[in-house]
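Participant: So that we are looking at the same thing, I have put the structure below in structure tokens.
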Amino acid sequence: MTMPISSSVASHSVDRATFEEFYAGPAPWDIGKPQELFVAIAGRLTSPILDAGCGTGEHALFFAARGHRVIGIDFVDEAIRRAQVKAAERGLPAEFLVKDATELAEWDEWFASVIDCGLFHVFSDEDRRRYVHGLAQVVEPGGRLFLMCFSDAEPGTEGPRRVSRQELYDAFADDWEVESIQPARCEVHPEFTEVKFSEGGPKVWFAVIRRQG
């Protein structure tokens, strides 16, 4: 099993089969807790919350435990199954659905906040446009997207597609205001050793983006 090569996804999104394969072992993003970047800004999120590309649900469950109404979506059945088991075991009311984040425009839900922890960077250019367009249909005017993605400052090409600061501004040029983009680090599963990332964790961008209107 190898991680998807970042340079390959400008025209092709990382496919479902690749993610299903990751869940057969230690998925690098599945660290058993929320990323500290999202814990640190917890007070800024308001309900209802969408966790787009929720994986096994740690971020959604963290916010549900804080009393928020949360829906997590992922297109991998096994990820959603594990998230639902966690919710039941912890007695938390978060809802988890198998759903493709590039099809948000067809949904009739509304959200005040969206979490994107490592989803944006898996998309091709075309699917990125579909995703952002769909977000604009489900995020309330004034609502915010909290987005973490791999940075172009992270060396190498293995792992997720690298994203520049300008790409984020360009992707959210219409209907959105980019309030901040800060360099940061993310944590990966300690048992995932197939790819060597920067010491201290992969370099990422952490962006806060507000829906206009």
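The values are calculated or read from the model by the stated rules, or taken from the named source; none is laboratory data. This structure is a prediction, so every number in the text was calculated from the model and none was measured. Positions of Cβ are backbone-derived with ideal geometry, glycine not excepted, and every protein chain shown enters the neighbour counts.
Participant: Taking segment 52-81, which residues are in a helix (DSSP H, G or I), under 16 Å from residue 34 (Cα atoms) and in contact (Cβ under 8 Å) with a residue 40 or more places away in the chain?
Facilitator: 59, 60, 63, 79, listed by residue number.
To keep it simple, each residue is scored yes or no on (1) surrounded by 15 or more Cβ atoms within 10 Å (Cβ to Cβ); (2) within 15 Å of the chain's Cα centre (by Cα); (3) among the hydroxyl-bearing types (Ser, Thr, Tyr).
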| site | (1), (2), (3) |
| --- | --- |
| 110 | no, no, no |
| 116 | yes, yes, no |
| 121 | yes, yes, no |
| 129 | no, no, no |
| 144 | yes, yes, no |
| 147 | yes, yes, no |
| 165 | yes, no, no |
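Participant: State whether one or more residues within segment 119-141 are part of a loop (DSSP other than H, G, I, E, B) and over 27 Å from residue 23 (Cβ atoms).
Facilitator: Taking segment 119-141 and keeping what is part of a loop (DSSP other than H, G, I, E, B), we get 119, 123-124.
Still in the running and over 27 Å from residue 23 (Cβ atoms): none.
Checked against the condition, which is being part of a loop (DSSP other than H, G, I, E, B) and over 27 Å from residue 23 (Cβ atoms), segment 119-141 yields no hits at all.
Participant: Would you check which residues across segment 125-172 are out of contact with any Leu (no Cβ under 9 Å at 6 or more places or on another chain), modelled with pLDDT of 95 or more and of a type in the set (Ser, Thr, Tyr) and list them?
Facilitator: 151, 164, 169
Participant: Checking residue 173 against (1) loosely packed, with under 13 Cβ neighbours inside 10 Å; (2) not in a loop (DSSP other than H, G, I, E, B): exactly one of these is not met. Which one?
Facilitator: For residue 173, the exception is condition (2).
Participant: Right, next: What pairs come up if the first residue lies in segment 112-139 and is in contact (Cβ under 8 Å) with a residue 24 or more places away in the chain, the second is surrounded by 23 or more Cβ atoms within 10 Å (Cβ to Cβ) and of a type in the set (Asp, Glu), and their beta carbons are under 8 Å apart, counting only those six or more places apart or on different chains?
Facilitator: 114/51; 115/51; 117/51
Participant: Only one residue in 179, 191 is loosely packed, with under 12 Cβ neighbours inside 10 Å and at pLDDT below 95. Which one? Lay out the reasoning, then the answer.
Facilitator: Numbers: 179 fails: at pLDDT below 95.
Among 179, 191, only 191 is loosely packed, with under 12 Cβ neighbours inside 10 Å and at pLDDT below 95.
Participant: Here is a follow-up. In contact (Cβ under 8 Å) with a residue 24 or more places away in the chain and farther than 21 Å from residue 35 by Cβ: which single residue out of 108, 100 fits that description?
Facilitator: One residue alone meets the criteria, 100.
Participant: Go through segment 7-51 and count every residue that is assigned to a helix (DSSP H, G or I), touching a helix residue (DSSP H, G or I) at 6+ places or on another chain (Cβ under 8 Å) and at pLDDT below 95.
Facilitator: 3
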